[in-house]
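Remarks on the structure that follows.
The values are calculated or read from the model by the stated rules, or taken from the named source; none is laboratory data. Source: prediction; values computed, not measured. Cβ sites come from the backbone with ideal geometry, for glycine too, and all protein chains shown count toward neighbours.
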Amino acid sequence: MRVLVLFAHPVETSFHAALHRAMVDALRRAGHEVDDCDLYAEGFEPVLSREERLHYHDLSINCRPVESQVDRLLRAEALVIMAPVWNFGFPAILKGWFDRVMLPGVSFVMRDGRAYPNLQHIRSLTAVVSYGGTRWASLLMGDPPRKLVQRWLRGLIRPWAPVRYLALYGMNRATDADRDAFLARVVGAAVTLRSPVEGSCPGFGLVLSMFHICSGSCTRCRQADRLRDREAGDGALMDRTKCDSHLPPAPSSPSS
């Protein structure tokens, strides 16, 4: 599978950097095509600008500031998120990626004022996170990163796609044995990465396709349109509003 790895940690000598290297290496050894997106190393700008917000729902131009990131997301068949949890949330650079890249017409589509999921090409979702505090402290605060992955992101991708949330709590007191055990879990997750179509649900892709009627702008069509637009010239605009899917609404709309 084509796997987009989103990594968000500024320190190359950190334990999470070691997890990132192990994940990428294991995915490649398992035969996956890896797009390794190190947000800090690439200098991703996380701040949503005034102009971006003003044009947020204008599908003809809303992707332009982050077009390369949108293309990477649309090409992916699996998504792996790797980040620490700071102050009970993801690093600002990763939150900014969600704000700027998960746009109308990309991660969701608006119809009659409601948001519908639009990342059905993502067939597997994995998050690898580390917390300084304990699991109990995180539960007391509601554990927002876990909910973001297991509720919001799960609701945007292909129905019944496998979602794994690998968390190491209590990093402040973790022993070498704790870290080694967690590293082994991460490598194991990479080795066993699969989608429902490839794994335990034969015929899932056929069933899903029977209930997805596309009039020309589903994810795969938009990818082809984007390539054709580039070949036609910068002035060409693409239509990303025609996808009519019999899928339930997304759990929430990020339009506010």
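Among the residues making up the range 59-71, those that are aliphatic (A, V, I, L, M) and part of a helix (DSSP H, G or I) are Val66, Val70. Only residues that are without any contact (Cβ under 8 Å) to a residue 60 or more places away in the chain, surrounded by 15 or more Cβ atoms within 10 Å (Cβ to Cβ) and not polar (S, T, N, Q) were counted in the range 49-76, giving 6.
Of the residues making up the range 34-49, those that are in a loop (DSSP other than H, G, I, E, B), closer than 26 Å to Leu125 by Cα and not β-branched (Val, Ile, Thr) are Leu39, Tyr40, Ala41, Glu42, Gly43, Phe44, Glu45, Pro46, Leu48. Mind checking which residues of the range 152-175 are modelled with pLDDT of 95 or more and among the charged types (D, E, K, R)? Hits for the range 152-175 are Arg154, Arg158, Arg164. Quick check: is even one residue across the range 11-28 loosely packed, with under 14 Cβ neighbours inside 10 Å, over 21 Å from Arg179 (Cβ atoms), among the basic types (Lys, Arg) and over 18 Å from the mean Cα position of the chain (by Cα)? The answer is no; no qualifying residue exists.
The residues listed here are Val66, Val24; of these, the one that is farther than 28 Å from Trp136 by Cα and in contact with an Asp or Glu (Cβ under 8 Å, 6 or more places away or on another chain) is Val24. Do the conditions hold for Val149, that is, is it at pLDDT 95 or above, closer than 30 Å to Ala92 by Cβ and part of a strand (DSSP E or B)? Considered against the rule, which asks whether it is at pLDDT 95 or above, closer than 30 Å to Ala92 by Cβ and part of a strand (DSSP E or B), Val149 comes out as no.
Are any of the residues in the range 50-58 at pLDDT 95 or above, hydrophobic (A, V, I, L, M, F, W, C) and either within 18 Å of Trp152 (Cβ to Cβ) or not in a helix (DSSP H, G or I) (or both)? Among the residues of the range 50-58, not one is at pLDDT 95 or above, hydrophobic (A, V, I, L, M, F, W, C) and either within 18 Å of Trp152 (Cβ to Cβ) or not in a helix (DSSP H, G or I) (or both), which makes the answer no. For the range 36-48, a residue qualifies if it is buried (at least 18 other Cβ atoms within 10 Å of the Cβ) and farther than 13 Å from Val101 by Cβ, and the qualifying residues are Asp36, Asp38.
When Asp58, Asp112, Asp71, Asp99 are checked against the criterion of being touching a Lys or Arg at 6+ places or on another chain (Cβ under 9 Å) and of a type outside the set (Val, Ile, Thr), Asp71 stands alone in meeting it. Residues that are of a type in the set (A, V, I, L, M), closer than 8 Å to Tyr131 by Cα and under 24 Å from the mean Cα position of the chain (by Cα) within the range 164-179 comprise Ala167, Leu168, listed in sequence order.
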